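All remarks here apply to the structure that follows.
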Amino acid sequence: MFSKDRWQEIFETIKKNRLRTFLSGFTVALGIFIFIVLFGFGNGLKNSFGKFFLDDATNTLWLFGGKTSKPYKGFKADRRIEFENSDLTDIGQNFAFYLESITPRITRGARARYKNNSDNYSTRAVGPSHQIVEKTIMMKGRYINQADVKDATKNIVIGRMVAKDLFKDEDPMGKYVELGSSAFKVVGVFQDEGGDREERLIYMPYTTRQVLEKNNDKISQIIVSFRPEIGHAGALAFEKQLRLFMKNKKAIDPTDENGIYIRNVADQLKKNQQFAAVLQLIVTFVGIGTLIAGIIGISNIMVFVVKERTKELGIRKALGATPKSVINMILHESIFITTISGFVGMIGGIILLKSIGEELKDFFILNPYIESSTAVFSTFLLILFGAIAGYIPAKRAASIKPIVALRDE
Amino acid sequence: MIEIKNLYKSYKMGNSSLQVLKGINIEIEEGELVAIMGSSGSGKSTLLNILGMLDVADEGDYKLDNVLIEKLDETLAAKYRNKFLGFVFQSFNLINYKSALENVALPLYYQGLNRKSRQKTALEYLEKVGLANWSSHLPSELSGGQKQRVAIARALASQPKVLLADEPTGALDSVTSNEVMGLIQQINNEGKTILVVTHEIDIANMCKRIVTLRDGVILEDKKVKQVLVS
């Protein structure tokens, strides 16, 4: 099978039949190249999708206060519902089974100034676990911690864009920023995959915000994250119980739709996952389709090649070639060509994908890639089918009587 | 060298069958130069194909160099062809992408010789047919007579027992026909057994014995006085 003579014979045949070699090699290389690029683009689409929708943690419930629309237990309608610090501890105690973390969020606009630079930013007064639900990534320093909340410290964590605007090239760590009328110490800088908008935020302890606002204990939003193991059904049950509990505590008519709003990200998550699954399905479908097209292309070329060589095979047989040696010769040659060109196409496709990176971001294709195992597997698949596609006509040609093959013009 | 007894061959044509050879008996000694004559449809090419193991007879015995040729599958036929027989065809049947030298060396490849001795032997035979200087040329760069001489060199290279030539001059003009026949006579004079199928009496007369076929039987089998090509 691997004698030097056979290789020499094959190299000579390949060298002297350039067009034929080029045609079959090109078909294989193009087939695998297109497969890899399309598959990679599919993955790029999935990346964009993930970036758009999966930036925040998905196991969260968001509680907002609203206005009641029905009178209840002696309270009039149109009452504004606000949360308080006690709600945090109550939820923590009553729903320990579901709960992963809980954090308040109070959003206020503020003018921030450092030396001569100033601008308007949103500030969020939060607890330590807010970092988890927003998937905030620390670049420098630390996030708001429990001690900050307990002592209502004047520490802040600023976004990457805030640091860039206010501090230019200076290191913001440990510097003081004026927010309204008080000075806050920067203890950390963060980035967020959600983009620039999310990086124009300033985080502070929620207790500090409450002290600034006449020492109240009001909270505008509560964000609760649940343990992912409880699943979608568990999340819905949690939401239902939480709504009931809060309505009861705030004395809202159980049939009143407007007192409290709860946004359940789990619901959204399920939709997103379904969308992602459909995307995956399309990617797979396109991939399989391209592969099949490639296989058909190779089969055609192989049938053509063997047909073209019928007479040559007849001559070889008249000179003493056995059917086996004829089949082996054709297979050896075709596998050699498909392997070389298959891997050329594969590497070409991978290089193209690597070089694209973020360039096709506008077309929702972000960092397209293909797993090397998928690439190698599909290349082997193409080579295998190329060999099978070559074997069938080769076997037929080898079994034709030489006298018939010689008559072929 | 060749012994044939009661050879029958028919081809199926739809429902009817066409009897092509109807009991051929022939014996050919070593060193003979035999012409097989006959008009088209007489069965001469079929006979040659069976002798060349390119086709199989329905009935009858075929002995080649005292080996009974029977139960031929393609693999065994290929082996015998390589060992016993050299072919020369009317349309030369050279492989068009191989040089003259590589064409001559091809049967030696299937004999399992190594590359060096293949090329050495092939060059010797090209020299024998007077084409040593053309060894690196492709068939498309050769004239018809040169192509047939390359084909003869290729047929001889495997040192066969018998050379089978099917209308070897059929595609050549009279001058080159004479050249090729002169080469065949020369090879025969060196002791090689040669069968030539032809329908031209001039060519047949250049052989030592003429077997005439008509309608699948031997009409005449006679030794003749050989016309030598000057």
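The values are calculated or read from the model by the stated rules, or taken from the named source; none is laboratory data. All values reported here derive from a predicted model rather than from experimental measurement. All Cβ positions, even for glycine, are placed from backbone atoms using ideal geometry, and neighbour counts span all protein chains on display. Side chains included, ligands, DNA and RNA excluded: accessible areas come from the protein's heavy atoms. Shrake-Rupley method; radii C 1.70, N 1.55, O 1.52, S 1.80 Å.
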Seminar exercise, completed: The distance between the Cα centres of the stretch A:172-198 and the stretch A:4-75, in whole Å, is 38
Problem set entry | Shielding of B:78-86 by partner chains, average beta-carbon count, 10 Å | 4
For this session: Quickly rank A:124-132, A:230-238 as a protection proxy: mean count of other C-beta atoms within 10 Å, highest first.
Result: A:124-132, A:230-238
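Given Cα pairs under 8 Å that are at least 6 residues apart, what percent is the relative contact order of the stretch A:105-217?
Working: 236 pairs, mean separation 40.1, N = 113.
Dividing the mean separation by the residue count of the stretch A:105-217 yields 35 percent.
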Problem set entry | In sequence order, calculated HN-Hα J values of the stretch B:37-45 (Karplus, 6.51, -1.76, 1.60; Hz; x Gly/Pro) | 9, x, 6, 5, x, 7, x, 5, 5
Exercise. Setting aside same-chain residues fewer than 8 positions from B:Lys223, which lysines have a Cα under 17 Å from its Cα?
Worked result: B:Lys208
Exercise. By how many nm would the segment from A:Lys270 to A:Val404 lengthen if fully extended, with 0.36 nm per residue of separation less the alpha-carbon distance?
Worked result: 41.6 nm
Exercise. Once Lys and Arg get +1 and Asp and Glu get -1 on their Cβ, which of A:Gln274, B:Gly145, A:Ile32 lies farthest toward the positive end of the dipole of the protein assembly as shown?
Worked result: A:Gln274
Seminar exercise, completed: With x for Gly and Pro, the residue-by-residue ³J(HN,Hα) of the stretch A:392-399, computed from phi through the Karplus equation 6.51 cos²θ - 1.76 cosθ + 1.60 at θ = phi - 60° and given in whole Hz, is 4, x, 5, 5, 5, 4, 6, 9
Exercise. For the stretch A:105-217, what is the convex hull volume of the alpha-carbon atoms per residue, in Å³?
Worked result: 91
Exercise. Ordering A:Leu382, A:Leu99, A:Leu352 by how much accessible area each has at a 1.4 Å probe, largest first, what is the list?
Worked result: A:Leu352, A:Leu99, A:Leu382
Seminar exercise, completed: Projecting the Cα atoms of A:Asn117, A:Ser181, A:Leu201 onto the charge dipole of the stretch A:105-217, where Lys and Arg contribute +1 and Asp and Glu -1 at Cβ, the residue farthest towards the positive end is A:Ser181
Problem set entry | Other protein chain Cβ atoms within 10 Å, averaged over every residue that makes up B:96-109 | 3
Seminar exercise, completed: Within 10 Å of the Cβ of an average residue in A:318-331, the count of other chain Cβ atoms is 6
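By DSSP, what percent of the beta bridges with both residues in the stretch A:105-217 are antiparallel, rounded to the nearest 5?
70
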Exercise. With each run of n ≥ 4 DSSP H residues scored as -39500 (n - 2.57), what mean residue ellipticity at 222 nm is computed for the protein assembly as shown after dividing by its residue count and rounding to the nearest 500 deg cm²/dmol?
Worked result: -15500 deg cm²/dmol
Problem set entry | Under-5 Å amide H pairs with A:Glu100, H placed in peptide plane, nonlocal only | A:Ser225, A:Phe226, A:Arg227
Problem set entry | A:Ile347-B:Lys71 FRET efficiency (beta carbon distance; Förster radius 56 Å; 0.05 resolution) | 0.60
Seminar exercise, completed: Helix A:231-249 sits off the longest principal axis of the Cα atoms of chain A, rounded to the nearest 10 on a 0 to 90 degree scale, by 10
For this session: Can you tell me the relative contact order of chain B? Whole percent, Cα pairs under 8 Å, sequence separation 6 or more.
Result: 28
Problem set entry | Amide N proximity, the stretch B:1-38 versus B:Lys161 label position 7 Å along Cα-to-Cβ, cut-off under 11 Å | B:1-3, B:30
Problem set entry | Built amide H within the under 5 Å cut-off of A:Gln221, gap 5+ | A:Arg105
Exercise. How about the stretch A:81-122: which trypsin sites (Lys or Arg not before Pro) there are in a DSSP loop, with at most 14 other Cβ atoms within 10 Å of their Cβ?
Worked result: A:Lys115
Exercise. What lysines could a cross-link reach from A:Lys46, if we take a straight Cα to Cα line under 29 Å and drop same-chain neighbours fewer than 8 places away?
Worked result: A:Lys135, A:Lys270, A:Lys271, A:Lys354, A:Lys361
Exercise. Once the Cα atoms of helix A:323-356 and of chain A are each reduced to a long axis, what angle between those two axes, in degrees from 0 to 90 to the nearest 10, is obtained?
Worked result: 30
Problem set entry | Gained length - B:Glu190 relative to B:Glu29, 0.36 nm times residue gap less alpha-carbon distance | 56.5 nm
For this session: Could you pull out the trypsin sites (Lys or Arg not before Pro) across the stretch B:35-94 that fall in loop regions by DSSP (anything but H, G, I, E, B) with no more than 10 other Cβ atoms inside 10 Å?
Result: B:Lys71
Seminar exercise, completed: Per GNM of chain B with C-alpha springs under 10 angstrom, the most fluctuating residue out of B:Leu101, B:Leu113, B:Leu126 is B:Leu113
Seminar exercise, completed: For the protein assembly as shown, the charge dipole (Cβ of Lys, Arg +1; Cβ of Asp, Glu -1; about the Cα centre) points to a positive end, and the Cα of A:Ile383, B:Val227, B:Phe84 closest to that extreme belongs to A:Ile383
Exercise. What is the set of long-range amide H partners of B:Val20 at a cut-off below 5 Å, with H atoms built 1.01 Å from backbone N?
Worked result: B:Lys9, B:Ser10, B:Tyr11
Exercise. If the cut-off is 15 Å between C-alpha atoms, which aspartates and glutamates fall inside it for A:Lys150, apart from same-chain ones fewer than 8 positions away?
Worked result: A:Asp217
